[in-house]
Amino acid sequence: MISLVISEAALEIIPTNIVHHPSVTNHARKLGKKPLETLLDRSFHHAAMQSSKLEFAWKRGRPDLVHFALIEALSTPLFLNHLLQVYVSTPCNQVIYIGRSLRIPKSYSRFEGLIIDLFKNNHIKEEKSEITLLKLQRNVSLGSLIKDIIKPSKVIGLSRVGILSSPKEIVSTHINKDSYQCAFVVGGFPRGHFTENTTRLCDFIYSIGNYSLEAHVVIARILYECEKALEVN
């Protein structure tokens, strides 16, 4: 099984230290929700994030990037053939497990509502079958996710500061039809690089281009090469 981890994901509920900021309360009111039932989003909460000096603020408040990344990963033949397991890992030591039957909403507003429900209830299940579509596990670090849950043979980080290589070269070096217990780690944040903790967990770190590519682009290119290596149609 190939694993994809969207790490340090900019996906979180409003932090308590900005919950009373006008930009937060006004946006929550428009949504008809309480501030602690809304996602941190720089598009609406930039003023609150600036005034409170949130730690690592430049990497936070972009749930749309995670949405794009999940749409890409969950639309691939690799995922549809049950050869890909996807996880989202947040800096708050929360892990979201993506069920194999999940069809991610293409509409961002529906995705937002789904994730808010997940943070509130910890599980999203299919109504008729009770199959788990999404599961939130708290107090699980990225290290625990990789070492205790995924247990891959190799952990490959994809970052602009890695060794320059093509997606084809990366996949052909580490994956074939007889050996593909591999985890790919892609950043789920708008800019910057992996933290040292994330970097230490990776056996290899590669860059697939001279540009800073968004997560969904990196995912698309890597997973396509995995499909070719495993002859998935």
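Laboratory data are not the source of any read-out in this text; all were calculated from the coordinates shown. No experiment lies behind these values; they were computed from the predicted model shown. Note that we place each Cβ from the backbone using ideal geometry, even for glycine, and neighbour counts take in every protein chain shown.
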Counting only residues that are among the β-branched types (Val, Ile, Thr), touching a residue at least 24 places away in the same chain (Cβ under 8 Å) and farther than 17 Å from Tyr108 by Cβ, segment 23-40 contains a total of 1
Those residues of segment 127-171 which are of a type in the set (Ser, Thr, Tyr) and either touching a Lys or Arg at 6+ places or on another chain (Cβ under 9 Å) or in a loop (DSSP other than H, G, I, E, B) (or both), in sequence order
Ser129, Thr132, Ser141, Ser153, Ser165, Ser166
Sort out which residues of segment 110-126 are in a strand (DSSP E or B) and in contact with a helix residue (DSSP H, G or I) (Cβ under 9 Å, 6 or more places away or on another chain), and write them in order of number.
Ile124
Given the conditions (1) touching a residue at least 12 places away in the same chain (Cβ under 8 Å); (2) surrounded by fewer than 12 Cβ atoms within 10 Å (Cβ to Cβ); (3) under 21 Å from Glu12 (Cα atoms); (4) more than 16 Å from the chain's Cα centre (by Cα), report the number of the one that Ser153 does not fulfil.
(3)
Check on Lys125, among the basic types (Lys, Arg), farther than 18 Å from Ser3 by Cβ and surrounded by 14 or more Cβ atoms within 10 Å (Cβ to Cβ)
yes
Tally up the residues in segment 76-122 that are of a type in the set (D, E, K, R), over 18 Å from Gln137 (Cβ atoms) and loosely packed, with under 14 Cβ neighbours inside 10 Å, please.
3
So which residues in segment 175-210 are polar (S, T, N, Q), within 18 Å of Val5 (Cβ to Cβ) and outside any loop (DSSP other than H, G, I, E, B)?
Asn197, Thr198, Thr199, Ser207
Listed residues Ala28, Ala48, Ala10; which is buried (at least 21 other Cβ atoms within 10 Å of the Cβ), out of contact with any Cys (no Cβ under 8 Å at 6 or more places or on another chain) and over 24 Å from Val95 (Cβ atoms)?
Ala48
Pick from segment 211-233 the residues that are part of a helix (DSSP H, G or I) and under 14 Å from the mean Cα position of the chain (by Cα): which of them is nearest to Arg191 (Cα to Cα)?
Ala215
Selection over segment 74-95 where residues are touching a helix residue (DSSP H, G or I) at 6+ places or on another chain (Cβ under 7 Å) and either more than 13 Å from Ile146 (Cα to Cα) or in contact (Cβ under 8 Å) with a residue 60 or more places away in the chain (or both) yields a count of 9
Hey, does segment 60-73 have a residue that's in contact with a Gly (Cβ under 7 Å, 6 or more places away or on another chain), of a type outside the set (Phe, Trp, Tyr), free of Cβ contacts under 8 Å to residues at least 60 places away in the same chain and buried (at least 18 other Cβ atoms within 10 Å of the Cβ)?
no
